[in-house]
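Asks: Okay, handing you the structure first.
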Amino acid sequence: MRIDLMAGATLSAAALRAAPEPTILVFDSGLGGLTVLEQVRRARPDARYVYAADDAAFPYGRLPEATLIQRVLDVIGRLIAAHRPDLVVIACNTASTLVLPALRQRFATPFVGVVPPIKPAAETSRSRLVTLLATPGTVARSYTRDLIATYAGPCAVTSVGSGNLAGYAEAEFAGLPVDDAAIGAEIAPCFVTAADGRRTDVVCLACTHYPLLLARFERLAPWPVTWIDPAPAIARRVLQLLGGRPRGARSDEGPVLGTFTGGACLTEPLRASLARRGVPSLAVDPMPPTLQ
Ligand code: DGL
C-alpha cells in the first residue's frame, strides 16, 4: 500500500522557521529511532510526524558501506516523495556516520543526523576511560575514528561493536523477552579496568536502539556508569533549525504515522507497543532490498 497523507510543499531551510505546522520525518532501520522521536516530539509537539523504519533491510549494522549508501538514498527518496517532510531526522548512527553527505547532495530537504556522542562523553568522564557501544558498522567507520581522534581529548576510548543488541532491542519491544545472559554478554566488553585501577565510567549509547534496553543495561552493569544518549541533543538541533513551538500552536503530542518497508515484524504485540509510544496508525510501503 502506498500512502501520501502529508502532501504539501517542501520548504527551503531558510523558510523552515516560518512553517506553522512542519512535517518531520524520523527515519531508522527499525525501531531504535523511536527513542529520538520521543525527544523531538516533546520539543515540537505541534509538528506532524512520520516515523519510517526500513525494516526490510534491518539490521543496517551488518551491511557493506556501498550497499547501505544506495539503500538509504533509495528509501529516503521514496519517503520524501510520499510525505514531503520539511525536515528529516536520520535517527540511526549506522546510517548517519556514512550517508549524510550523499543525502545532502541528492535532496534539498534539511537533514539532522545522529552520530556517536564522543565529545559529551569525554567531557563527562573522570576516569578518562570511555566506551563507545555501537553497531559493527558504526564502530568501523572512518567518520567515527575521526570523531574519536578529534573529541576524545585525554580519554582512552574502547569501541565495542555489538552484532546482536539492536535485534535484542527489537525483540523486547515486540514482547519477546531476551534473557539477561545474552544482553550481559554483549555489554561486558564495555567495562574496562586499567592497570592503575581506573575503571570505565561513561558509555556512549551510539545506536538509537540501545536506550530501549537502558534499564537492563543499568541492572546488568558490573559497576555504575553514566550512559550517554544523544537523543536530547538531536531534539535541540531540530529546535535550532525549526524554532520553538509558535504561540497558540498545539501543546499536546498528536498521533504519529508509522511506515515500514517490510512489515513482517508487525505482530499484534509490536503494534500495541507502537500505539503506546504514540504511533497508532501503520502503513507498509514494500521495498525489498536488492540482492548484492
Ligand atoms: N538504530 C541503528 C543505529 O543507530 C542501527 C541498528 C541496525 O540496523 O543495525 O545505529
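Asks: Of the peptides 116-122, 33-39, 62-68, how do they stack up when ordered by the mean number of other Cβ atoms within 10 Å, highest first?
Replies: Put in order of decreasing packing, that is 33-39, 116-122, 62-68.
Asks: In degrees, nearest 10, range 0 to 90: what is the angle between the Cα axis of helix 231-242 and the longest Cα principal axis of the chain?
Replies: So the helix axis and the longest Cα principal axis differ by about 40 degrees.
Asks: In whole percent, what relative contact order does the chain give with Cα contacts below 8 Å and a gap of six or more residues?
Replies: With pairs under 8 Å counted, the relative contact order is 27 percent.
Asks: Take R236 and S281, extend 7 Å from each Cα along the Cα→Cβ direction, and tell me the distance between the two endpoints in nm.
Replies: Modelled inter-label distance: 3.4 nm.
Asks: So who's got an amide H within less than 5 Å of the one on I228, skipping anything under 5 residues away but keeping other chains? H placed 1.01 Å off N, in plane.
Replies: Those lying under 5 Å, H to H, from I228 are V203, C204, L205.
Asks: For the stretch 117-124, just list the computed ³J(HN,Hα) in residue order, Karplus coefficients 6.51, -1.76 and 1.60, θ = phi - 60°, integers in Hz, with x standing in for Gly and Pro.
Replies: x, 5, 4, x, 5, 5, 6, 7
Asks: Amide H to amide H, which residues 5 or more places from V89 or on other chains are under 5 Å from it, using H placed in the peptide plane?
Replies: Excluding prolines and chain starts, which carry no amide H, the hits are L25, V26, F27, V112.
Asks: Mean residue ellipticity at 222 nm from the helices of the chain, using -39,500 (n - 2.57) per DSSP H segment of n ≥ 4 over the full residue count, to the nearest 500 deg cm²/dmol?
Replies: So the helix-based figure for the chain works out to -11000 deg cm²/dmol.
Asks: Among V225, L31, Q105, flag the residue with its Cα farthest along the positive direction of the charge dipole of the chain, charges on Cβ as +1 for Lys/Arg and -1 for Asp/Glu.
Replies: Q105
Asks: Explain nothing, just compute: Karplus ³J(HN,Hα) = 6.51 cos²θ - 1.76 cosθ + 1.60, θ = phi - 60°, for every residue of the stretch 260-270 in order, whole Hz, x for Gly and Pro.
Replies: My calculation for the stretch 260-270 gives 10, 8, x, x, 4, 6, 7, 6, 4, x, 5 Hz in order.
Asks: Same structure, new question: If contacts are Cα pairs under 8 angstrom and at least 6 residues apart, what is the relative contact order of the stretch 9-145 in percent?
Replies: Relative contact order of the stretch 9-145: 28 percent.
Asks: Sticking with this one: Evaluated at 25 °C with a viscosity of 0.890 mPa s, what Stokes-Einstein diffusion coefficient in µm²/s does the chain have when Rh comes from the Kirkwood expression over alpha-carbon pairs?
Replies: In µm²/s, the coefficient is 126.
Asks: Ranked highest first by average number of other Cβ atoms within 10 Å, how do 158-169, 138-149 line up?
Replies: 158-169, 138-149
Asks: Run the simple label-point estimate for D74 and N164 please: 7 Å along Cα→C-beta, distance reported in nm.
Replies: A separation of 3.0 nm, rounded to one decimal place.
Asks: With an 8 Å cut-off on Cα pairs and a minimum separation of 6 or more residues, tell me the relative contact order of the stretch 121-248 in percent.
Replies: 30
Asks: Given H placed 1.01 Å from N in the peptide plane, which residues other than close sequence neighbours of V284 have an amide H under 5 Å from its amide H?
Replies: Amide H neighbours of V284: F260.
Asks: With all distinct Cα pairs included, what does the Kirkwood hydrodynamic radius of the stretch 110-265 come out to in Å, to one decimal, could you say?
Replies: Radius from the Kirkwood sum: 17.3 Å.
Asks: Residue by residue through the stretch 27-44, which ³J(HN,Hα) values in whole Hz follow from phi under the Karplus form 6.51 cos²θ - 1.76 cosθ + 1.60 (θ = phi - 60°), with glycine and proline marked x?
Replies: Result, rounded to whole Hz: 10, 8, 5, x, 9, x, x, 4, 5, 7, 3, 4, 6, 5, 5, 5, 6, 10.
Bear in mind that the values in this text are calculations on the coordinates, not laboratory data. Computed from a prediction, not measured in an experiment: that's the story for all the values here. Cβ atoms come from the backbone with ideal geometry, glycine included; neighbour counts cover every protein chain shown.
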